[in-house]
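Single-structure report; data block below.
The values are calculated or read from the model by the stated rules, or taken from the named source; none is laboratory data. The structure presented is a predicted model; accordingly, all values stated were derived computationally and were not measured. When we count neighbours, we look across all protein chains shown, and the Cβ atoms used for this are built from the backbone with ideal geometry, even at glycine.
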Amino acid sequence: MKLLLDQGLPRSASALLTEAGLDTIHVAEINLSAAEDTDILQRAREDNRVVVTIDADFHALLALANATSPSVIRIRIEGLRAQAFANLLQTVIEQCEEDLEQGAMVTVEPSRIRVRRLPLIP
């Protein structure tokens with residue numbers, strides 16, 4: 001699985017996830033730190049990457065566009081350090097891999113993981 005980590009997530013988590021076998025880049029590594037969310041989604045779509053973010057806007061943009069890709073994982077747990085974040089993300093990917101490969105919006109909360117397949121409107 002290929003991941004694109006959004007601004008606001010630990011940049012060092014990119015290296016940890018890569019070491020764990022996930023092809024991961026952070027927006028800062030590809031000069032998209034200040035990019036609009038739509039540009040980040042487009043880059044992820046072009047590169048076949050799953051966007052990982054703390055920003056609710058990505059889910060809204062996918063819903064409004066009736067998009068089928070890219071998949072987005074939204075983390076709704078604050079204060080995670082890089083290693084804890086990387087561990088959490090690996091668990092989420094293991095549990096949701098098929099959905100993410102097909103196109104999904106995944107929301108990760110402290111007590112649950114919600115998955116909605118794309119497009120939201122059939």
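Within segment 18-29, is there a residue that is modelled with pLDDT of 95 or more, more than 14 Å from the chain's Cα centre (by Cα) and not in a helix (DSSP H, G or I)? Yes, that holds for at least one residue.
Condition check ((1) without any contact (Cβ under 8 Å) to a residue 60 or more places away in the chain; (2) in a loop (DSSP other than H, G, I, E, B); (3) not basic (K, R)) across all residues:
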site: L16; (1), (2), (3): no, no, yes
site: A34; (1), (2), (3): yes, yes, yes
site: L62; (1), (2), (3): yes, no, yes
site: T68; (1), (2), (3): yes, yes, yes
site: A86; (1), (2), (3): no, no, yes
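Here V51 meets the list (1) buried (at least 18 other Cβ atoms within 10 Å of the Cβ); (2) in a helix (DSSP H, G or I); (3) touching a strand residue (DSSP E or B) at 6+ places or on another chain (Cβ under 6 Å); (4) of a type outside the set (D, E, K, R) almost entirely, failing just condition (2).
The single condition among (1) in contact (Cβ under 8 Å) with a residue 24 or more places away in the chain; (2) not in a loop (DSSP other than H, G, I, E, B) that Q42 does not satisfy is (1). Could you say whether any residue in segment 93-104 is under 21 Å from R11 (Cα atoms) and at pLDDT 95 or above? Yes - at least one qualifying residue is present in segment 93-104. Just checking, does segment 74-86 include any residue being touching a Gly at 6+ places or on another chain (Cβ under 8 Å) and of a type in the set (V, I, T)? Looking for residues that are touching a Gly at 6+ places or on another chain (Cβ under 8 Å) and of a type in the set (V, I, T), one finds none in segment 74-86, hence no.
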